[in-house]
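Report on the structure given below.
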Ligand SMILES: Cc1cc2nc3c(=O)[nH]c(=O)nc-3n(C[C@H](O)[C@H](O)[C@H](O)COP(=O)(O)O)c2cc1C
């Protein structure tokens, strides 16, 4: 619910519905506020240290397509999203060539980006994550938070769009990367396409390596039907799906 809609609900409840008992008023008010607030979920702070060295994570890295049963925790999700696109150095200064059609997300990130223009949007598709309802969420790097954009489990529909690859159905959650070429082409013209695609690789490797430190496996999935996936996720016109990465606990040998 947008802020304006919420104010309308509040004004209605407080002023125009005096017939409601105090108790009913409170509970309806509470509900309205909750449904407004529950769209934005603040993630726990990420950790900046681990017992697994970069060398160890690199030597263990493998594409993993089957996962142990069970849920992921919200701290696992927080850590992996931070590794993928977290802000590591805030700056209010806009890049010299910034397409003002887009909101500035305020800082340098864990993965490099041509011109520091950050064309990738990350979506988290939740199936089985403690503390997060099933649904699709957009990652907001600036506040390290999630914004719910769709309710319900979308994994089967994404599995269908991705040639029925079992890792997608099995993953407790999925990360979908969607590129906004216009952010990078505003400065780099035709070269933007290759730059945006390079960035999928950087972000993907960060997810692989951070996953290894947490016992979480993933695989880079590039085989899917673009338009079908875009429809399932209800992506805005200018966001183009470029990769899917399922996340699940690595099975014990
Ligand atoms: C651009 C790209 C697209 C890929 N697409 C798929 C895919 O659709 N499905 C899949 O299971 N693996 C996919 N992979 C993973 C590769 O199969 C995997 O990286 C390769 O077999 C090497 O194994 P490793 O990652 O365990 O070292 C893709 C990897 C890359 C880099």
Residue count for the range 115-134, restricted to those that are on the phi > 0 side of the Ramachandran plot and either touching a helix residue (DSSP H, G or I) at 6+ places or on another chain (Cβ under 6 Å) or without any contact (Cβ under 8 Å) to a residue 24 or more places away in the chain (or both): 3
I need the full set of residues from the range 159-170 which are within 13 Å of the ligand (Cβ to nearest atom) and in a helix (DSSP H, G or I), in order please. 159, 161, 166, 167, 168, 169, 170
Would you confirm whether any residue within the range 81-100 is under 20 Å from residue 184 (Cβ atoms), within 16 Å of the ligand (Cβ to nearest atom) and either surrounded by 16 or more Cβ atoms within 10 Å (Cβ to Cβ) or free of Cβ contacts under 8 Å to residues at least 24 places away in the same chain (or both)? yes
Check the range 225-234 and report whether any residue there is under 25 Å from residue 116 (Cα atoms), touching a strand residue (DSSP E or B) at 6+ places or on another chain (Cβ under 7 Å) and free of Cβ contacts under 8 Å to residues at least 60 places away in the same chain. no
Residue 203, sole failed condition from (1) in contact (Cβ under 8 Å) with a residue 60 or more places away in the chain; (2) over 16 Å from the mean Cα position of the chain (by Cα): (2)
Could you pull out the residue among 173, 178 that is away from the ligand (no atom under 13 Å from the Cβ), over 19 Å from residue 46 (Cβ atoms) and under 15 Å from the mean Cα position of the chain (by Cα)? 178
Can you tell me which residues in the range 212-228 are away from the ligand (no atom under 12 Å from the Cβ) and either surrounded by 21 or more Cβ atoms within 10 Å (Cβ to Cβ) or in a helix (DSSP H, G or I) (or both)? 213, 214, 216, 226, 227, 228
Test residue 205 against the stated conditions and say whether it is surrounded by fewer than 20 Cβ atoms within 10 Å (Cβ to Cβ) and either in a strand (DSSP E or B) or within 12 Å of the ligand (Cβ to nearest atom) (or both). yes
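Go through 37, 26, 51 for me and flag whichever is away from the ligand (no atom under 16 Å from the Cβ), surrounded by fewer than 14 Cβ atoms within 10 Å (Cβ to Cβ), modelled with pLDDT under 95 and over 22 Å from residue 149 (Cβ atoms).
Just a single option satisfies the conditions, and that option is 26.
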Identity of the residue in the range 192-201, surrounded by 16 or more Cβ atoms within 10 Å (Cβ to Cβ) and more than 9 Å from the ligand (Cβ to nearest atom), that ends up nearest to residue 241 (Cα to Cα): 196
With the first residue restricted to the range 58-71 and required to be farther than 11 Å from residue 167 by Cα, and the second required to be within 11 Å of the ligand (Cβ to nearest atom), Cβ contacts under 6 Å at 6 or more apart or on different chains are 61/208
Find the residue count for the range 172-191, including only residues that are farther than 12 Å from residue 240 by Cβ and either in contact with a strand residue (DSSP E or B) (Cβ under 7 Å, 6 or more places away or on another chain) or not assigned by TED's automatic domain parsing to the domain that holds residue 85 (or both). 4
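The values are calculated or read from the model by the stated rules, or taken from the named source; none is laboratory data. Predicted model only: the values in this text are computed from it and were never measured. Glycine also receives a Cβ, built like all others from the backbone with ideal geometry; neighbour counts cover every protein chain displayed.
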